Amino acid sequence: MGYIDLFAGAGGLSEGFKREGFEPIAHIEKDHYACQTIKTRLAYHYLNENDRLDEYKEYLLGNTSQKDFYDLIPDQILDTVINEEISEESLENLFESVDEQLDGEELDLIVGGPPCQAYSLASAHIEDKNEDLIYLYELYGEFLRRYEPRMFVFENVPGLYTADDGKYFEGLKECFEDAGYQLDDEKLDSSNFNVPQKRKRVIIVGWHEELDLGYPDFEEVRVDTTINKLFKDLPSLKPGESINVGKYSKDASDYVNKHIRNGIDLFTHHIARPHNDRDLNIYEMAIEAWTENEVRLKNSDIPEEMRTQKNTSSFLDRFKVVDGDGLSHTMIAHIAKDGHYYIHPDINQLRSLSVREAARIQSFPDDYYFEGPRTSVFTQIGNAVPPLLAQSIAKGINKELNGIN
């Protein structure tokens, strides 16, 4: 079954559908580095399916250039990645590109979720919103009208329900219904779908009004790990240290062996950002408060001479330790800015999370290679749909489309 991934990001949602046997017709994404990440992942799947993973490992090890690596992959696979912003001005060009990929075939599915900043809880109180972001669902609706897929999946943040007192959510539903679809929605927590993170997302599913389909029954799998178990096989790092490519030297938990290591004996992107002494002192206070008393450090608790912001009445939890004995709080793209909201629980490492640790929290396997500089990679990870959540969604959609009870 073929699908289009709109606002594809680094391909987390697509990864779940690819694992369940769906075939991508097109990935549309405006960010150059994210598009390269998708291409590299498509290359992985192609080489894996053809028993050529050694060639993928050579690329990860830096023994093959990106150009030579992509030359190993058929053009029709990499050409599914369309590096262009979805806008009113670009629609016709995008339709032409997708039409060429479809080559007259009917489309089964459209998936994707526009950038969520416009609907986040914080943005819900900002009067000067980016109208272009807010109404991106209307462009999603244009793809529904053009291609009339049997079903669609639209993912976004819970703030979608409440932004401007629900105005935009009602507009979204009306838009999709006018395009010829019945739809329903649920708020899912990723931790109920094997992801080591408390991350709630709205999943809207629509089906063509002429078809006898409905909202899938997504099978829940409660995650059985903790953050400390998730990280225990990765080497310790100090601030600013990095292991771009490393081989495992420690035993891993059952969860990591099953879902993260993924059969390849190396990992990438174990990169920790540097921190100044003031931040490290604050990190130490935050880790001690959490590990000893399960208390979150507030900005008002930080000595005045150490504070990085003067506000002591709101947004107090700027520094937050990831719960080593439990699950992570929601991973967002802000991790690309400073890391203060994602402090490693091990006081002996005294740093924010590495790129690979953040990817593991999002349930990306260690062989998932992200293209681009560190800041871009953190952004790609923070914005992504966790692949294990995506895979559960794909299973439900697959059963619905194939009439499997």
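Using Cα positions and a limit of under 28 Å, work out the lysines in reach of Lys57, with same-chain residues fewer than 8 apart set aside.
Filter leaves Lys18, Lys30, Lys39, Lys67, Lys229, Lys232, Lys238, Lys247, Lys250, Lys258.
Listed highest first by mean packing, meaning other Cβ atoms within 10 Å per residue, what order do 163-174, 188-199 come in?
Peptide ranking by packing, descending: 188-199, 163-174.
Suppose R0 equals 35 Å; then what is the FRET efficiency for Asn293 and Gln66 from their Cβ-Cβ distance, rounded to the nearest 0.05?
With a Förster radius of 35 Å, E is 0.15.
Could you name the lysines in cross-link range of Lys167, using Cα to Cα under 25 Å and dropping any fewer than eight places away on the same chain?
Candidates past the 8-residue exclusion: Lys129, Lys187, Lys200.
Which of the chymotrypsin sites (Phe, Trp or Tyr not before Pro) found in segment 283-370 are in a DSSP loop and have at most 14 neighbouring Cβ atoms, other than their own, within 10 Å?
Here the sparse-neighbourhood loop sites are Phe315.
So for the pair Arg307, Glu142, with labels modelled 7 Å out along Cα→Cβ, what separation do we get in nm?
Distance between label points: 4.7 nm.
Identify which of Gly62, Gly112, Gly11 has the largest mean-square fluctuation in a Gaussian network model of the chain, with springs joining Cα atoms closer than 10 Å.
Of Gly62, Gly112, Gly11, the Gaussian network model singles out Gly62 as fluctuating most.
Loop-only trypsin sites (Lys or Arg not before Pro) in segment 40-106, please: DSSP not H, G, I, E or B, and at most 15 other Cβ atoms within 10 Å.
Sparse-neighbourhood loop trypsin sites (Lys or Arg not before Pro): Arg52.
Can you sort Met151, Met1 from fewest to most other Cβ atoms within 10 Å of each residue's own Cβ?
Fewest-to-most ranking of Met151, Met1: Met1, Met151.
Specify which residue in the list Asn276, Asn63, Tyr181 is farthest towards the positive end of the charge dipole of the chain, using unit charges on the beta carbon of Lys, Arg (+1) and Asp, Glu (-1), about the Cα centre.
Asn276
Taking the Cα centre of segment 227-370 as origin, work out the dipole magnitude from +1 charges on Lys and Arg Cβ and -1 charges on Asp and Glu Cβ, in debye rounded to 20.
Taking the Cα centre of segment 227-370 as origin, the dipole is about 400 debye.
Every number in this text was worked out from the coordinates using simple rules, so none of it is lab data. Since the model is a prediction, treat every value here as computed from it, not as a measurement. Every residue, glycine among them, receives a Cβ derived from its backbone with ideal geometry; neighbour counts consider all protein chains shown.
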